[in-house]
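Before any comments, here is the structure.
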Amino acid sequence: MRYESALDAVALEDLAIRRYFGAVDAKDIEGVLSCLHDEALFTVQTDFVCHAGKPAIRRMLVDYFAAFETIVHRDFKLSADPATGRVAATFEGLVTTAAGVATRLCNTNIWRVRGGRFQEIHVFMSGPNILV
Amino acid sequence: MSSPISLDGIWRERRALVAVVEQFLVDGLDSGSPSAAGGFATGALLLDATGDLPALSGSASPEAWMRAYRNACRYSCHMEFSHVVDAGMAGVCSQFTRLNLRDDRLLRQECAGHFRFRDGLITGAVIHASRPVEIG
């Protein structure tokens with residue numbers, strides 16, 4: 001599906017990295033949800049899981065943020081495509097439980113933008129799905 | 001004969017990058033055409049982040065990687081492509097479906113490949129594939 005978006009490459013990068021992942025790493029649920037449309041689809045493609053709509057995504061985020069003491073995303077390799085309103089990033093994710101158990105992932109996200117917010121988020125994980 | 005479609009420079013660049021990716025996946029991995037390896041720069045690094053396929057290090061040849069891939073499956077089909085093309089940064093992130101025949105089971109995987117380019121050649125790629133689902 002292709003949507004109408006007027007965001008340029010800088011705005012796409014800002015939305016995906018600074019606003020979205022900035023909020024994820026700060027465990028700021030409202031900040032994450034502010035990047036999404038109400039009926040957004042969040043799919044973990046490597047595990048065939050789909051969270052449809054903000055209430056389902058909020059529930060997933062609550063569980064995700066509770067499961068880990070710290071969440072860090074870094075080393076982004078970004079591709080922004082203003083012509084199609086899509087942006088993709090490959091990055092390292094490092095999540096650590098309160099007991100100190102760390103999991104390192106190499107993931108790729110692909111976001112599809114409608115207007116100025118995400119309509120679809122597709123996540124490809126290198127390990128077991130932690131966004132359940 | 002002139003092309004019926006007029007493409008400006010940006011769209012020609014997009015098309016060129018996408019063609020290299022699809023040539024690697026379709027001509028190289030599916031059909032086994034050695035020429036698909038020509039899309040890689042010397043020393044290119046290809047990483048399968050899900051550990052499904054052998055890694056292509058800077059010292060291995062793309063041809064060797066494609067042979068290893070084709071030895072792992074009797075049938076391969078990459079299809080349903082959707083691309084994120086960053087012509088300015090020379091990157092293409094492609095979503096696609098992969099069909100494989102392994103151990104007499106037809107398997108489907110949902111995949112992503114994030115490719116980096118320099119001078120029109122792939123310098124690095126990270127591939128993700130879902131857990132395989134048996135179909136048919």
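Which one of B:Leu47, B:Gly32, B:Gly113 is farthest out on the positive end of the charge dipole of the protein assembly as shown, using unit charges on Cβ (Lys, Arg +1; Asp, Glu -1) and the Cα centre as origin?
B:Gly32
In a solvent-free Debye calculation with one equal scatterer on each Cα, what is log10 I(q)/I(0) for the protein assembly as shown at q = 0.07, 0.17 Å⁻¹, listed in the order of the q values?
-0.25, -1.39
For A:Ala83 and A:Cys50, compute 0.36 nm times the residue count separating them, minus their Cα-Cα distance, and round to one decimal in nm. Spell out each step's value before the answer.
Values: separation 33, 0.36 × 33 = 11.88 nm, distance 2.61 nm.
Using 0.36 nm per residue and subtracting the Cα-Cα distance, I get 9.3 nm.
Among A:Leu15, A:Trp111, B:Pro62, whose Cα sits farthest toward the positive end of the charge dipole of the protein assembly as shown (+1 at Cβ of Lys/Arg, -1 at Cβ of Asp/Glu, about the Cα centre)?
B:Pro62
Quick check: the angle from helix A:54-67's long axis to the longest principal axis of chain A, C-alpha only, nearest 10 degrees?
Roughly 30 degrees, rounded to the nearest 10.
Starting from the 7 Å offset along Cα-to-Cβ, what nm value, one decimal, do you get for the label separation of A:Ala26 and B:Trp11?
4.1 nm
Which number do you get for Rg(Cα) / (2.2 N^0.38 Å) in the stretch B:9-134?
1.00
Before anything else, pin down the relative contact order of chain A: Cα pairs under 8 Å, at least 6 apart, normalised by residue count, whole percent.
Details: 260 pairs, mean separation 40.5, N = 132.
Reported as a whole number, the value is 31 percent.
Keeping all protein chains in place and using 1.4 angstrom, which order do B:Glu13, B:Glu134 fall into by accessible surface area, from largest down?
B:Glu134, B:Glu13
Hey, if we sort A:Cys106, A:Cys50 by accessible area with the 1.4 Å probe, largest down, what's the order? Present the calculation step by step, with values, prior to reporting the outcome.
Numbers: A:Cys106 40, A:Cys50 75 Å².
Putting A:Cys106, A:Cys50 in descending order of accessible area: A:Cys50, A:Cys106.
With +1 on each Lys and Arg Cβ and -1 on each Asp and Glu Cβ, how big is the dipole of chain A about its Cα centre, in debye rounded to the nearest 20? Provide the component values of the computation, followed by the final result.
Working: 14 positive and 16 negative charges, 20 e Å.
Its charge dipole is roughly 100 debye.
Using the Cα atoms of the stretch A:9-124 to build a convex hull, what is its mean projected area in square nanometres?
Details: hull surface 26.4 nm².
Averaged projected hull area, Cα only: 6.6 nm².
The values are calculated or read from the model by the stated rules, or taken from the named source; none is laboratory data. Just so we're clear, the structure is a prediction, and the values are computed from it rather than from any experiment. No Cβ is skipped: glycine too gets one built from the backbone with ideal geometry, and neighbour counts run over all protein chains shown. Please note that ligands, DNA and RNA were not included when accessible areas were found on the heavy atoms of the full protein model with its side chains. Shrake-Rupley method; radii C 1.70, N 1.55, O 1.52, S 1.80 Å.
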